[in-house]
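Working notes, beginning with the structure itself.
The values are calculated or read from the model by the stated rules, or taken from the named source; none is laboratory data. Note that this is a predicted model, so its numbers are computed, not measured. Cβ: placed from backbone, ideal geometry, glycine included. Neighbour counts: every protein chain shown.
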Amino acid sequence: MTEQSESAPDIDALLADMTLEEKLGQVVGFWDQGDGEAVAPMQGVFEGGGSALHEVARHGLGHLTRPYGTRPVEPEEQARRLWEFQRWLVTSTRLGIPALVHEECLTGLAAWRAATYPTPLAWGASFDPDRVREMAALIGRSMRQLGVHQGLAPVLDVVRDPRWGRVEETISEDPYLVATIGTEYVRGLQSEGVHATLKHFVGYSGSQAGRNFAPVHAGPREVEDVLLVPFEMAVLEGGVRSVMHSYAEIDGLPVAADPRLLTGVLRERWGFDGTVVADYFGVAFLHLLHHVAADLGEAAAQALAAGVDIELPSGDAYLGPLAEAVRGGRVDEALVDRACRRALQQKADLGLLGATFEDEPPSQVDLDSAEHRALAASLAEESVVLLANDGTLPLAQPGSVAVIGPNADRLEALFGCYAFVTHVLPQHPGTDAGIAAPTVLEAVTREWPRASVSHAQGCPVEGGDDAGIAEAVATARDAEVAVVVVGDQSGLFGRGTSGEGSDRDDLELPGRQRTLVEAVVATGTPVVLVLMTGRPYAVGWALASCAAVVQAFFPGEEGAGAVAGVLSGRVNPSGRLPVSLPRSTGSQPYTYLHPTLGGDTDVTNLSSRPALPFGHGLSYTTLERRDLRVRAGAASEGLDVSVTVSNTGDRSGVEVVQLYVRDLVATVTRPVAQLVGYARVELEAGASADVRLVVPPARLAFTDRDGAKVVEPGDLEVWVGSSVADRDLLSTVTLSGDVHHVGVRDPRRTEVLVER
C-alpha cells in the first residue's frame, strides 16, 4: 500500500474544480505498446503508445495499461519506474491524482516470472470454488505488492460452442458452475485489495459458428436464463467492483452501445455501483467494425451514454474526439461527469485519492513462491479428468514408457493464451520463459526414476506431415506402455489452435495428431492418451481404441506433475467434465441445457448426443450414492435434497455430488436437465457422508412469457448422479402453491452441508 495524506479530497468538490481535459484524463488509459507487440485485436490500427506518457498524462490519467504485462520486464525494475511515474502524477499535475494500474490476471498475474495457474476450464473441471478463491487471493497479493489495483478477470462467459477459440478462458457450459466459481475468484482477488473485472458482459461466447467477434443470435430468454446468470451472482453476491463490456452485438445492437444492458440491467436492476470499462478498443470498434457510429466522436457519445465509464487501453475516442463532441454541443458534459465521478470513486475506494507514493517500491519480489507452486499443483491435480480407463491406469511401476506426441516435451503446452509465456513472449523470440515448469516428458521421468523412458515427437501440433510418425511407432513398439500427449498450442489471433481469435472449423485434433495416435495404437502397445487442450475435442474414436484417456485443460506450471501423478496413481483423479465432450462438429453448437427438441428425437436422423456427458469423470476408487431424499413444498420454498455418498474402494477419493432437476411441464420450454447444486466431498476408503443441498427458489427460476423471473408450481424430476446422464437415483416431486416471483436480492446459491 502506498502512503496517503491525512484526508482524501471530496469527490464532488474535486469534480467541480476539474476542467474538461482533466475529467477526460480520468476516464481513459495509456498503453505503452511497441511495434510488433500485438496482444490485442487490431492493435496496430491505433496510435496507442505513440505519444509520450507524460504528454498524454499532463492533465492526469485514469488507467495505466499493463506496465508489467506488455513485454518482459524485471518486476523490481518496473515497480521502481511505476512508483516514479505515480510520484510525478502526484507532484507535477494540477490535481495530483495517481493512475489506476490494471493488468491481466486470468491464469495468474500476466507478468514475466509470475506464477501461472491452470486455465479457467480447468477450474470448472475441479468443481472446487474454494480452491479458486484461494488462488485468486494469492494472485491479488502479488498484484497489490507491485502497485497493481485492478485485474481484468474473471471471464464469466458460458460456453455455447467449443469451436470458439476462447473456450479455454471460460469455466463451463453450465451457468451455475460458472457463477459459483467465478464469484469465488472475485471474492479472492478483492480480499487482497485488487478490484476484479467481469468479462465479457454479455453474450460474447454465443458468437455465430464459434467465430470471434461474430454476431450473437440469442433471444432474451437465453440471455436472461443462461448468459446473465454468472454476472448476476458476481455482482449481487461477489460485490465485484468493475465490469468489462463485450465486443459482441446481440440481435444487431453492440453491447458497448446498449444502455438496456450496461445501465438498465447492470445498474438499475442489480444496483452495481462500480465502473464499466471498455474491452480493448471496444469503443472505437463501434465505428471501425460495427459501423453504428460515423466517427470516433460519435462512438464515444454512444458508449458514454450507454454506460461505458472508462475507455481502455487508451483514449482514442474519449480524449480528442469526445472533447470536440462536448464542445460542439453533441454530447452533454453531464455524461462525462457521471463517468468521471465513478472513476474517482473507484480510486477513492482503492486508496488512491490522496496517495503520495512517498514510500519505496518493493525491492525483492517473488511472484512464483512455494505457496504459489503448492496451490498451482493442488488445483491442477483436482482438475485432471480421467475420461476412460480399461484398467491400465494407474501404472504402478512400468519398466519402460514411451512418451510420444507434440505436447509431450513442450513448455507452452501447459498454458492458455492469457499466460505470459503464450500471450507476450511470442513477440520476443529468444527471451527466457522466466518460469520453471516441467514438461510431461520431464514429469514422467521424475515420476518413475527407475523406468526406461523414451521419447518421439511424431508430428507438430498443427501442419507438418507424417515423416516423424514412423519413429514414434518404433518407439512405442519397444515400450510396455505409450503415453501419447496431444492437443493444442494456445495463441492469439490465429497464432495457435486455441485462444483469442484462434477458432476452429472442426473439432478433430489439429494437424496430423489423430493419424499419429492411430498409428501408435496399431502397434498393440497399450496407449494412454493425454489431451492437453483448451477446448473439448471430438475424440470418441480414442475412447474406444485407447487403453485410457486423460483430459487436462492447460493445467499450468505444475500441470505436468499433476498428469504424471494421475498416470502413476499418486493422484486419484477427481476432475469432472465442465463441458460435454462432443461427438462431432456437425452437432455444434450443443449444450446439455437443451430442451427436448434440442436433443435426440424421432423427428431427426442425426444424433447430437455427446461422446461423454457434462459432469463425467472416473476415479481409481469406487464411489456410490444412495438414499436420495427430496423435500418439496411450495414454489416459494425451493428444494431440500439429501443423499448418502460412500467410498467403497480401498483408497481415498473424491465424490463430486451433482444435483440436477427437470421441470416436466412449464409455460415455456425448459432444459431436459439443469445443474442446481454440487458438492466436492473427500472420502477416505470405507467412509460415508450425508450431503444435504438446500436449493433456493431462485435456483429453479426461469423467465416466463411476460419476461418475469418465476418459479411455477408443478412436477420436477430431481436426481443425483455421477454426470448429467446418470439418472439411477431419481425422484419426482411436486411444487405446490402459486407462481413465485423471484426478487433481485433473493439468494442464488445452493447451500451445501456435509455430515460425516
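Looking across region 738-750, the residues that are more than 16 Å from residue 270 (Cβ to Cβ), touching a residue at least 40 places away in the same chain (Cβ under 8 Å) and surrounded by 13 or more Cβ atoms within 10 Å (Cβ to Cβ) come down to 739, 740, 750.
Okay, residues lined up against (1) farther than 13 Å from residue 722 by Cβ; (2) in a strand (DSSP E or B); (3) not assigned by TED's automatic domain parsing to the domain that holds residue 389:
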| site | (1), (2), (3) |
| --- | --- |
| 603 | yes, no, yes |
| 606 | yes, no, yes |
| 610 | yes, no, yes |
| 615 | no, no, yes |
| 631 | yes, yes, yes |
| 636 | yes, no, yes |
| 641 | yes, yes, yes |
| 644 | yes, yes, yes |
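Output yes when any residue across region 526-535 is buried (at least 19 other Cβ atoms within 10 Å of the Cβ) and polar (S, T, N, Q), and no when none is. Among the residues of region 526-535, at least one is buried (at least 19 other Cβ atoms within 10 Å of the Cβ) and polar (S, T, N, Q), which makes the answer yes. Applying the criterion of being under 18 Å from residue 616 (Cα atoms) and crowded, with 24+ Cβ neighbours inside 10 Å to the residues of region 543-554, the residue that is farthest from the chain's Cα centre (by Cα) is 546.
Selection of first residues in region 572-583 that are free of Cβ contacts under 8 Å to residues at least 60 places away in the same chain and part of a loop (DSSP other than H, G, I, E, B) and of second residues that are surrounded by fewer than 24 Cβ atoms within 10 Å (Cβ to Cβ) and of a type in the set (Lys, Arg), restricted to Cβ pairs under 7 Å at least 6 apart or on distinct chains, gives the following pairs, ordered by first then second residue: 583/609. Filtering region 141-190 to residues that are acidic (Asp, Glu), over 19 Å from residue 554 (Cα atoms) and out of contact with any strand residue (DSSP E or B) (no Cβ under 9 Å at 6 or more places or on another chain) leaves only 184. The residue that is farthest from the chain's Cα centre (by Cα), counting only those in region 103-150 that are of a type in the set (Gly, Ala, Ser), assigned to a helix (DSSP H, G or I) and closer than 16 Å to residue 367 by Cα, is 142.
Filtering region 460-483 to residues that are part of a loop (DSSP other than H, G, I, E, B) and acidic (Asp, Glu) leaves 462, 465, 466, 478, 480. Among the residues making up region 642-663, those that are within 24 Å of residue 703 (Cα to Cα) and either touching a helix residue (DSSP H, G or I) at 6+ places or on another chain (Cβ under 6 Å) or among the hydrophobic types (A, V, I, L, M, F, W, C) (or both) are 659, 661. Residue 325: in contact with a helix residue (DSSP H, G or I) (Cβ under 8 Å, 6 or more places away or on another chain), part of a helix (DSSP H, G or I) and either modelled with pLDDT under 95 or surrounded by 15 or more Cβ atoms within 10 Å (Cβ to Cβ) (or both), yes or no? So residue 325 fits the description; yes. In this structure, residue 486 does not satisfy being modelled with pLDDT of 95 or more, touching a strand residue (DSSP E or B) at 6+ places or on another chain (Cβ under 7 Å) and in a helix (DSSP H, G or I). Of all residues in region 670-684, those satisfying the criterion of being assigned to a loop (DSSP other than H, G, I, E, B) and either surrounded by 14 or more Cβ atoms within 10 Å (Cβ to Cβ) or of a type in the set (A, V, I, L, M) (or both) are 670, 671, 672, 673.
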